[in-house]
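We did not get these values from a lab; they are worked out from the coordinates using the rules stated. The structure presented is a predicted model; accordingly, all values stated were derived computationally and were not measured. Positions of Cβ are generated from backbone atoms using ideal geometry, with glycine treated the same way; all protein chains shown enter the neighbour counts.
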Amino acid sequence: MDAVKMIMDINNRVYDAYNVTSRPNDETWERMIKDIAQEITATPGLLESITPADLDRLTDHNYHTARRGTEYAIALSLKAE
């Protein structure tokens, strides 16, 4: 399974867990972004396989929350280095 599909699946699970179908209020949305980032980080090999083109594909498919969560996971991993 490619990285974008995996991230989209993570995003969908998080949206289901929060029982929302569109972007919620800012506080909830920020928690969702963090949850997505946490799951990306916890999935072996996923974070390392993400490319800039993958981020663009998420946007192209209207997965803006997933993109933000992915960017957050990348930023945290860079900060930890």
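How long are the semi-axes of the ellipsoid equivalent to the chain, from square roots of 5 times the Cα gyration tensor eigenvalues, in whole Å, largest first?
On the way: eigenvalues 71, 41, 26 Å².
Semi-axes (√(5λ), whole Å): 19, 14, 11.
Using only the alpha-carbon atoms, how far is helix 3-18 inclined from the longest principal axis of the chain? Give it as 0 to 90 degrees, nearest 10.
Rounded to the nearest ten degrees, it is 30.
Please report the relative contact order for the chain, taking Cα pairs under 8 Å with a sequence separation of at least 6, and give it as a percent rounded to a whole number.
41
If each DSSP helix of 4+ residues adds -39,500 (n - 2.57) and the sum is divided by the residues in the chain, what number results at 222 nm, nearest 500 deg cm²/dmol? Mind showing how you got there, number by number?
Values: 5 runs with 63 residues, N = 81.
Helices in the chain give a 222 nm mean residue ellipticity of -24500 deg cm²/dmol.
For helix 64-80, report the angle its Cα long axis makes with the longest principal axis of the Cα atoms of the chain; keep it between 0 and 90° and round to the nearest 10°.
The two axes meet at around 40 degrees.
At residue 30 and residue 48, where each label point lies 7 Å from the Cα along Cα→Cβ, what is the point-to-point distance in nanometres?
Label-label distance for residue 30 and residue 48, simple model: 3.2 nm.
Angle check, please: helix 26-42 long axis (alpha carbons) against the longest principal axis of the chain (alpha carbons), in degrees 0 to 90, nearest 10.
Approximately 30 degrees, to the nearest ten.
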